[in-house]
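FYI, it's all coordinate maths here, none of it is from the lab. The structure presented is a predicted model; accordingly, all values stated were derived computationally and were not measured. A quick note on method: Cβ atoms are made from the backbone with ideal geometry, for glycine too, and the neighbour counts reach across all protein chains shown.
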Amino acid sequence: MKMSVEVCSLCEGTGWKPVSVAGERRVTRCDCRLQARGQALIESAHIPRRYESCYLSNFDVDGSHQRLASARLAAGKFVEEYPVESAGLLFIGSVGVGKTHLAVGIIKELITSKGIACLFCDYRELLKEIQNSYNASVQATELGVLQPVFEAEVLVLDELGAVKPSGWVQDTVGLILNTRYNDKRTTIITTNFPNRPERDRVGQAASTSREAADGAASKETLGDRIGNRMLSRLQEMCRIVEMEGDDYRQLRRANYR
């Protein structure tokens, strides 16, 4: 039994539709092909299902979220100006203010409106994948894990600094950021840690009270987590977007009570 295949009425299956430019008849890529490419790029971006409903258009800047309007504006401007302006963005803010929502919204817009190949990586999961590649029983290599991260035209690196820093962690994040910097690729980053250099460890060691130690841990900086050298590199690569606001998740839970 033969099944009928729906043919696009604009291009009649050729992938090219006729257009008129200054009175001349020309052709351009048909919407059907752009939509198909967009869907393929969305799937290859590996956006987690948790964020599949995140778009710039539904990012809330009303009421108690008005302080986030400037971050939403920066995200929209980035999409408009890319690739003419290719500097990345570094979203900084506390848990739940919508950093990942904006980052995902940006790459969705780049994919659907401009056909840009993007990739989403959770910082913690990426480091786990790299570590697992060292296991002889796993059919993966470090290069195999890192190559898509190096080569993505636009990369979202979510929750930078979320893993306890070690020499290996700092070397790995340094390799990723330096490679993308040298290749002039755009990186969008989210982090919960403030955009400040590494703290004075000597001064911390002088404090012995448990309360002071707990307070110091809660005030860790991005420099503490990735090192001052990489923090400086990051500031070259990205425009800083500070986000202050209420926790979306806590408000959502409160509304359902």
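Placing dummy labels 7 Å off each Cα toward the beta-carbon, the span from N135 to V21 is 5.3 nm. Spin-label model, R229 to E244: label points 7 Å out along the Cα-to-beta-carbon direction sit 3.4 nm apart. The stretch between C8 and K128 holds 38.8 nm of extra length on full extension. This uses 0.36 nm per residue minus the Cα-Cα distance. If each Cα of region 45-256 is one equal point scatterer, what is log10 of I(q)/I(0) from the Debye formula at q = 0.09, 0.11, 0.12, 0.17 Å⁻¹? The calculated log intensity ratios at q = 0.09, 0.11, 0.12, 0.17 Å⁻¹ are -0.38, -0.56, -0.67, -1.24.
Filter K114/K184; K128/K164; K164/K184; K17/K108 down to the pairs with a C-alpha to C-alpha distance above 21 Å, please.
Details: K114/K184 19 Å; K128/K164 13 Å; K164/K184 28 Å; K17/K108 25 Å.
Listed pairs above 21 Å: K164/K184; K17/K108.
When F91, F59, F150 are sorted by how many other C-beta atoms sit within 10 angstrom of their C-beta, beginning with the fewest, the order is F150, F59, F91.
Label positions at E151 and Q39, each projected 7 Å from the Cα along the C-beta direction, are separated by 2.5 nm. Each of E242, E24 has some number of other Cβ atoms within 10 Å of its Cβ, and from fewest to most they run E24, E242.
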